[in-house]
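The block underneath contains the structure these notes are about, expressed in structure tokens.
Just so it is clear, none of the values below were taken in a lab; they were calculated from the coordinates. These numbers were taken from a predicted model, which means no experiment stands behind them. Cβ coordinates were reconstructed from backbone atoms using ideal geometry, including for glycine residues, and neighbour counts include every protein chain displayed.
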Amino acid sequence: MLDFGCGSGILALAALKLGAARATGIDNDPQALTATADNAERNGVTIATFLPQDAPAGCYPVVVANILAAALDALAETLAARTAPGGRLAMSGILAGQEEALLARFAPWFDALQVAREDDWVRLDGIRNQAAVAA
């Protein structure tokens, strides 16, 4: 799985604890990568961490991103490219009212886009479609 904008690595750490075979964290903040590696070590797991420009190419069956809507919008193509065909993308850090624009932005690459709300926060998730990959 890929935790894009990993911060402290909590999503990657949770995924590993819940059974993910491997986890990768990408963040543009070197301190976030240090925090992720430290948290992984404390919990007895390994999370490969990279700055965006240093991350190896590849797709993941699960991609999560808990970052603000503007960043998600800017990263749409990158997140789509990192999600394997048939893979799942989950995005959070979105304020209520911002979801419609993001649904439209991600629709070319993802099917079954869904919205979940809790108080003023929104999570979007979907499945990477095959047609956009082949195009």
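Inspect region 106-115 for any residue being surrounded by 15 or more Cβ atoms within 10 Å (Cβ to Cβ) and of a type in the set (Asp, Glu) and give the result as yes or no.
Within region 106-115, none of the residues are surrounded by 15 or more Cβ atoms within 10 Å (Cβ to Cβ) and of a type in the set (Asp, Glu).
Among the residues of region 70-111, how many are over 12 Å from the mean Cα position of the chain (by Cα) and assigned to a loop (DSSP other than H, G, I, E, B)?
Residues flagged as over 12 Å from the mean Cα position of the chain (by Cα) and assigned to a loop (DSSP other than H, G, I, E, B) within region 70-111 amount to 6.
Looking only at region 31-58, filter to residues that are surrounded by 19 or more Cβ atoms within 10 Å (Cβ to Cβ) and polar (S, T, N, Q); which one of those is farthest from ALA74 (Cα to Cα)?
ASN39
Working only within region 53-69, note down all residues that are among the small types (Gly, Ala, Ser) and either touching a Cys at 6+ places or on another chain (Cβ under 6 Å) or assigned to a loop (DSSP other than H, G, I, E, B) (or both).
Listed by number, the residues that qualify are ALA55, ALA57, GLY58.
Give region 94-132 a look and list any residue that's under 20 Å from PHE4 (Cα atoms) and touching a residue at least 40 places away in the same chain (Cβ under 8 Å), or say none.
Of everything in region 94-132, those that are under 20 Å from PHE4 (Cα atoms) and touching a residue at least 40 places away in the same chain (Cβ under 8 Å) turn out to be ILE127, ARG128, ASN129.
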